[in-house]
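Accompanying notes for the structure given below.
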Amino acid sequence: MEHTQPHTTTHESAAPTAIQPKNEKPVIYDYVDYRAFLSDSLAHIQTKNSKYSATAYVRQAGFGENSRGYFNLIMNGKRNLSSSTILGFARTLKLSEKETFHFENLVHYNQATTEKEKTLYFERINKNMKGKTSPAFELLKSQYNYFSQWYMVAIRELVSLDSFKEDYDFIAKKLRNKVAKKEIIEAINDLITLGLLGRDANGKLIQTDDLINFTDNSMNYTVVNALHSQFLDKAKETLSEDAYTNRSASCVVLATDKENFDKIREEVKAFREHIMNKYATNNAKVDCVLNLGIQLNHITTLE
């Protein structure tokens with residue numbers, strides 16, 4: 001997955017997980033990756049019973065007699081849990097009804113393959129986490145917000161403007177009055193949680209890195225799709241709201257060999273990096289935030 005914003009060096013966003021001492025029983029609410037929870041739970045059980053194996057673990061959860069080695073497949077993401085095995089692990093780990101509900105939604109969130117599913121289960125988890133403290137979930141929530149709210153990216157870049165003021169009216173005006181004060185406050189807090197913004201010795205809001213590049217190792221591409229969709233909507237808005245001299249829209253439709261798709265994608269990537277390196281660094285003056293969006297897609301069906 002390629003996702004690059006202006007003002008971006010390479011910075012990979014690590015997947016938040018929980019660190020749980022093996023002698024303490026893992027708590028499901030401390031996890032945002034159900035596989036890590038299952039692994040730590042097995043390790044905890046084995047501190048009490050060294051003969052308890054991963055095979056016994058999955059069999060107890062309902063995988064059947066021919067399940068040797070299956071736990072490793074689950075841990076490596078090569079096998080998913082079904083509704084029955086979700087409940088099987090919940091029973092094996094003696095989860096309460098509320099914990100089982102949370103575990104079930106976390107599994108579905110981790111295994112979701114569409115943006116709609118990802119959003120549905122994230123919202124369920126978020127609702128279930130109200131009143132609970134979990135650094136791992138707070139980080140995940142901030143990451144989720146970053147990739148699902150266009151103004152999170154925009155606000156991070158706004159901070160680098162020469163004229164920037166940590167004033168909500170200033171920020172709202174810069175964003176064409178399309179973001180509420182509450183959303184701006186939450187966005188800044190999330191960006192600080194993610195380490196994308198910080199404060200200097202005088203308390204001034206600053207970017208922690210001039211350039212960032214997120215690679216898809218922690219957030220499913222279905223979530224990032226929401227961000228791309230929103231920036232496409234912003235681009236459509238400028239077609240009617242902005243003067244021709246203040247925007248640029250163009251497209252190329254071509255018939256070619258389908259083997260050229262990957263080649264073109266690599267050239268687009270190189271072009272993006274060229275623009276970023278030439279215009280997003282070492283500027284004597286910084287007074288605006290731009291979004292360069294490039295889409296490459298098949299118009300005809302693939303055979």
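The values are calculated or read from the model by the stated rules, or taken from the named source; none is laboratory data. Predicted model, so just to flag it, every value in this text is computed and none were measured. Reconstructed Cβ throughout: ideal geometry from the backbone, glycine too, with neighbour counts over all protein chains shown.
Data for the structure
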quantity	calculated
Exclusive hit being under 19 Å from Leu211 (Cβ atoms) and in the same structural domain as Ser229 (by TED's automatic domain parsing), set Glu273, Glu266	Glu273
Candidates Leu196, Leu211, Leu106, Leu161, filtered to the one that is in contact with a Phe, Trp or Tyr (Cβ under 8 Å, 6 or more places away or on another chain) and under 30 Å from Tyr279 (Cβ atoms)	Leu196
Every pair of residues 6+ apart whose Cβ atoms lie under 6 Å, when the first sits in the range 179-201 and is farther than 15 Å from Asp167 by Cβ while the second is part of a helix (DSSP H, G or I)	Asp190/Ser142; Asp190/Asn145; Leu191/Arg156; Thr193/Ser142; Leu194/Ser142; Leu196/Arg156; Leu197/Leu191
One residue from Leu42, Leu38 being in contact (Cβ under 8 Å) with a residue 40 or more places away in the chain and within 25 Å of Glu24 (Cα to Cα)	Leu38
Neighbours by Cβ (under 7 Å, 6+ apart or cross-chain): first from the range 119-143, at pLDDT below 90; second of a type in the set (S, T, N, Q) and not in a helix (DSSP H, G or I)	Ala136/Thr17; Gln143/Ser13; Gln143/Ser218
Residue under evaluation Thr281, criteria (1) in contact (Cβ under 8 Å) with a residue 24 or more places away in the chain; (2) within 29 Å of Glu115 (Cα to Cα); (3) part of a loop (DSSP other than H, G, I, E, B), criterion not met	(2)
Test: residue in the range 86-99 that is of a type in the set (Asp, Glu), closer than 27 Å to Asn128 by Cα and without any contact (Cβ under 8 Å) to a residue 40 or more places away in the chain	yes
Helices (runs of 4 or more DSSP H) fully within the range 147-256 counting 2 or more residues that are more than 27 Å from Lys285 (Cα to Cα), modelled with pLDDT under 95 and hydrophobic (A, V, I, L, M, F, W, C)	221-241
In the range 118-146, residue surrounded by the fewest Cβ atoms within 10 Å (Cβ to Cβ) [restricted to those that are outside any loop (DSSP other than H, G, I, E, B), among the aliphatic types (A, V, I, L, M) and out of contact with any Pro (no Cβ under 9 Å at 6 or more places or on another chain)]	Leu120
Tally of residues being touching a Leu at 6+ places or on another chain (Cβ under 9 Å) and within 25 Å of Asn105 (Cβ to Cβ) across the range 39-80	10
Positions within the range 262-285 being more than 25 Å from Asp233 (Cα to Cα) and among the β-branched types (Val, Ile, Thr), in sequence order	Thr281
